[in-house]
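First comes the structure, then the notes that go with it.
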Amino acid sequence: MEIIFVDDASSDNTLKLVETYCWKRPHKIVKAKRNSGMPFAQWKRGCDLAAGDLIWIAESDDLVINRFLSILVPIIAEPDIDLVFCDSIKIGPDYTYKNLLEEEGGALRKDSFGISKILGRSYIFEKLAMGNVIENVSGVIFRKDLLMRHIGRIANYRYMGDWLLYIDIANRGTLCHVSSPMNYFRQHAATTRSAKRSDKDLAKFCDEYDSVQERLAELKVFDKAAARAKSLELRNRIGRVARATSNNVLLRIEKDYFSSGCGRIVLWGMGQIGRTVFSHMSSVVPPYKVVAIDKNPTWVSSLSNEPVISPDNYFLSEFKLDDFLLICTLDYESQIISILGSKKNRLTIKRLSDYVY
């Protein structure tokens, strides 16, 4: 095994740690003079130097179970498989390798997991056309020849390069999905997908989304009109998110909470908007008074000192009568209000739409 470490001018002691762990193994270290903020360009720098037939792009914040390579490598060694990937689980900033080992000692140690060969074109139509369902590259192993055929195209991307890469590889190949969560990828405020973006970043995000939709139109997945409609829909949504996370809205939420005389502030929905509201409210309210509800409790619990439960299991009895509930999603407000039922009449409830529109 050959290890290639690509350092995009990290500001911590990453390089010292790498040199400590890698000195016994064949390795190369590629150092950038300044941070580029372009992850796919760094992927290409490392892949250009690779000598092997298979490539695993293991990003620095991610974890995999110990048997990850021993399970996935024999699968992609089969001549008709062009890419193999496993399921991924999101983790928060405080999740450690110790947590992973404890979980692997339980359910993940089982040898029963599904392996599905998938015709790439079918996967594009059924899955990849809807979004980047291969959530994290650290859970993927590539054939080098096929990867190098397409990776140059995404070098100037910042957000959507992996999605476009999977589409291009799947277009003329066969994929294999291992239905077991062997990869854990970290999300926190500094990651590319979580960070609050400037207007310039949002424009690039939308431009890259446009290019993915254009590629799907080229492949006859959508017609051009449908691709343009999807791009317009995203731009409208980005505008709504930007308005919902503006300082003006955050300050109005803060004012309403303090004037209500409520105890806890309960945030339902930890998408980009919810995380921004959580970060702001945690800076002005004692941490034990900020509670988050989300369908991914592992991710949310890393933000909050309170136990966090998935909304599927968050029984209405968990709410306190002096809670200030803020629904932090613009898409599912009516469904959440319906779930609350009669409880809504005894809670202080605010919706983001109260502030955005």
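The values are calculated or read from the model by the stated rules, or taken from the named source; none is laboratory data. Just so it is clear, the structure is predicted and the values come from calculations on it, not from any experiment. Cβ sites come from the backbone with ideal geometry, for glycine too, and all protein chains shown count toward neighbours.
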_Can you pull out every residue in the range 21-77 that is in contact (Cβ under 8 Å) with a residue 40 or more places away in the chain and among the small types (Gly, Ala, Ser)?_
GLY37, ALA41, GLY46, ALA50, ALA51, GLY52, ALA58, SER60
*Given the conditions (1) at pLDDT below 75; (2) farther than 22 Å from VAL241 by Cβ, which single one is not true for VAL300?*
(2)
*Can you find even one residue in the range 33-40 that is aliphatic (A, V, I, L, M), more than 19 Å from LEU69 (Cβ to Cβ) and in contact with a Lys or Arg (Cβ under 7 Å, 6 or more places away or on another chain)?*
yes
*Give me the pairs, please: first residue somewhere in the range 176-205 and more than 15 Å from GLN272 (Cβ to Cβ) and polar (S, T, N, Q), second residue anywhere and at pLDDT 85 or above and part of a helix (DSSP H, G or I), beta-carbon distance under 6 Å, and either six or more positions apart or on two chains.*
ASN183/SER138; ASN183/GLY139
*Please tell me if SER70 is of a type outside the set (A, V, I, L, M), loosely packed, with under 13 Cβ neighbours inside 10 Å, on the phi < 0 side of the Ramachandran plot and outside the structural domain of MET160 (by TED's automatic domain parsing).*
no
*Residue check, ARG240 against (1) modelled with pLDDT under 85; (2) outside the structural domain of ALA203 (by TED's automatic domain parsing); (3) charged (D, E, K, R); (4) within 29 Å of LEU202 (Cα to Cα), all met but one. Which one?*
(2)
